[in-house]
Amino acid sequence: MRDFRASTGRRTQGRELRQKLWRAHSKLELINPRKGNHYTGRRCQCQDCPGYLFDSTIDFGDNLPTVHINRGFSLADQAGLCIVLGSRCSVSPACDMPISVGESGRDLVVVNLQKTSADKHACLRIGATIDEVMVPLMAALGIPIPEFALSRQIAVTRKDGAISVRGVDVDGTPNDLLWNLQARYGYNSDELLKGHVEFNQDASGNTANGTRPGDRARLLEWPWEKEDGRAGVEVASGARYCVSPDTLAVCDEVVVDCKTRGGVRNVGSRTGRDLEHVVLDEFEGKQCSAVWLMFRCHYREPPVRLAAPADGSETLYRIDYSPSAGTWGEPVVLSHDGPAPMETVSSSEPTRLLSISYAVFCLKKKKKKKNLRIYLLYKKI
């Protein structure tokens, strides 16, 4: 399971779990236990498994996974050229891989602004930044450098009067990537209504502002609205702080717009082993018209709007985010089962065409066609 709070969770609740459980767990046959320093505070999401989760990061003093370290040495043995980019080559055994290439008389190139332990074994040392070397090198070789893109997979299901949204990894495992789901009921503005947040277990490290796990606050600014990617909040005392969204859980609540009397439901909680965000498909006689996906803003990614799914349908989307441009691409349907998602957009709102290909019922000709291209209108994000 991808646990996006692992790195902070192990420094709070993880420490308590180590004191409480490590004496017993150290006797078990574990995969790379690393002295019990990596409890995340989460339990396994697999059915009937009560196990505790460790994160997969490596700290100084931790052993590297055997499979990975063996593969690294195998590749180093086969290499005719090894290029060290930005590493000082000072931590064994990883640093022994490139150094072994130079010691054997094969070509070793070091790119670093500082001295490294591999310098004396290198046939060429370049005192420059990585981009200053690799960008012109790739251009000379005629190899384009692909732009980094953040790719997310989202499964959206509607059945039994509820809409569920969850993150899915490429291998099908649950991916805890959503910070909040905001469902719309009779509220058509592009403005995202703010509610309340609660400081989670990782807030115990916020000694500077005195907040503790369980404290509630009013959300003033979304994290993607700020340059540093932090959320603006106001606590009960009236004090205002800017904090990481990793330390905040969005409260499950309904927020009503006073002007239109429409409303939204924020759902920051996750349920079940698939970590689903679940909302009702109807509220006070109003159907859910759209859902907004809000992420943890590690790359300042803005929310994504998806049309409300049709009843009895399940759709798996892939959406790609460009950190350099700060924009999401159009959602791509990877798989779909059931009726197609349809919605009505007023002409006063900006729209964009999205083409989707799968087997659907042609409403005009009343017959089933495969690979029929349909154009759905949805609001521009």
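The values are calculated or read from the model by the stated rules, or taken from the named source; none is laboratory data. Computed from a predicted model, the values in this text were never measured in an experiment. Neighbour counts are summed over all protein chains in view; Cβ atoms, including those assigned to glycine, are modelled from backbone coordinates with ideal geometry. Areas reflect the complete protein model, heavy atoms only, side chains present, ligands, DNA and RNA absent. Shrake-Rupley method; radii C 1.70, N 1.55, O 1.52, S 1.80 Å.
Of everything in the range 114-132 that's within 27 Å of residue 299 (Cα to Cα) and touching a residue at least 12 places away in the same chain (Cβ under 8 Å), which residue is least open to solvent (accessible area, probe 1.4 Å)? Here the residue is 128. Within the range 133-174, the set of residues being in a loop (DSSP other than H, G, I, E, B) and open to solvent by 70 Å² or more (accessible area, probe 1.4 Å) comprises 143, 144, 145, 146, 147, 148, 160, 170, 171. Do you know which of the residues in the range 250-287 that are among the charged types (D, E, K, R) and under 17 Å from the mean Cα position of the chain (by Cα) is surrounded by the most Cβ atoms within 10 Å (Cβ to Cβ)? Residue satisfying both the conditions and the ranking: 276.
Selection of the range 230-243 for residues being touching a Ser or Thr at 6+ places or on another chain (Cβ under 8 Å) and crowded, with 18+ Cβ neighbours inside 10 Å yields 230, 231, 243.
Name the residues in the range 90-110 that are open to solvent by less than 60 Å² (accessible area, probe 1.4 Å) and more than 26 Å from residue 61 (Cα to Cα), would you? Scanning the range 90-110 gives 108, 109.
Summed over the range 209-267, the residues that are basic (Lys, Arg), closer than 18 Å to residue 191 by Cα and not in a loop (DSSP other than H, G, I, E, B) give a count of 2. Report, by residue number, each residue of the range 296-332 that is under 12 Å from residue 165 (Cβ atoms) and acidic (Asp, Glu). Across the range 296-332, the qualifying residue is only 314.
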